[in-house]
């Protein structure tokens, strides 16, 4: 006896079953992958925090220029500053005759006692043996205080061009020096090479300190 089974399903029933199975598959795949995708940024952030020690620092913007620090002003003008430092200029007094007594204005006076024509003798570096003038000069301290004359400078110029004369020690040179006591006098001898033809105009310039005036005695020693 032959049994007859159910006939084939209609096409719509098969299509619905296939869509249902596909939807279930897609939902399962998304559900499986979603937790991993969501936790990936968290893991990257955690790893970045661990690398930086748990702190976050913002790098400076290279486009923003940094403000240069101005150097602190130098409180001491004398420690390398290029600013001009004021000083007291010492101006020579008007020239006096060679026969006069010059006054430095500090109680110290100077006079030329004698002028002799000699021939110098070279005895040191830069000295030349030549016709010369030997001047004997006197200093007097009329003040009530000792005066240091160790740094006394005496120079001589001759001729219309005021040529500086070369000073020598011999014969008989004995420059001023030491400390001159109140009321005391002392003598100094200076030798200068001066051509015989240039002795009509001679200027003797003397100074002993940067604060006292420089005195000048001028005239003829021919």
What tally of residues in region 91-119 results from selecting those that are farther than 16 Å from residue 222 by Cα and more than 45 Å from the chain's Cα centre (by Cα)?
-> 1
Does residue 170 count as more than 43 Å from the chain's Cα centre (by Cα) and either under 28 Å from residue 105 (Cβ atoms) or loosely packed, with under 12 Cβ neighbours inside 10 Å (or both)?
-> no
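Yes or no, residue by residue, for (1) closer than 26 Å to residue 161 by Cβ; (2) at pLDDT 95 or above; (3) touching a strand residue (DSSP E or B) at 6+ places or on another chain (Cβ under 9 Å):
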{"residue": "180", "(1), (2), (3)": "no, yes, yes"}
{"residue": "184", "(1), (2), (3)": "no, yes, yes"}
{"residue": "191", "(1), (2), (3)": "yes, yes, yes"}
{"residue": "194", "(1), (2), (3)": "yes, yes, yes"}
{"residue": "202", "(1), (2), (3)": "yes, yes, yes"}
{"residue": "209", "(1), (2), (3)": "no, no, yes"}
{"residue": "218", "(1), (2), (3)": "yes, yes, yes"}
Do you know which residues across region 120-147 are in a strand (DSSP E or B) and either without any contact (Cβ under 8 Å) to a residue 40 or more places away in the chain or buried (at least 19 other Cβ atoms within 10 Å of the Cβ) (or both)?
-> 132, 133, 134, 135, 137, 139, 141, 147
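The values are calculated or read from the model by the stated rules, or taken from the named source; none is laboratory data. These figures come from a predicted structure and were not determined experimentally. Neighbour counts are summed over all protein chains in view; Cβ atoms, including those assigned to glycine, are modelled from backbone coordinates with ideal geometry.
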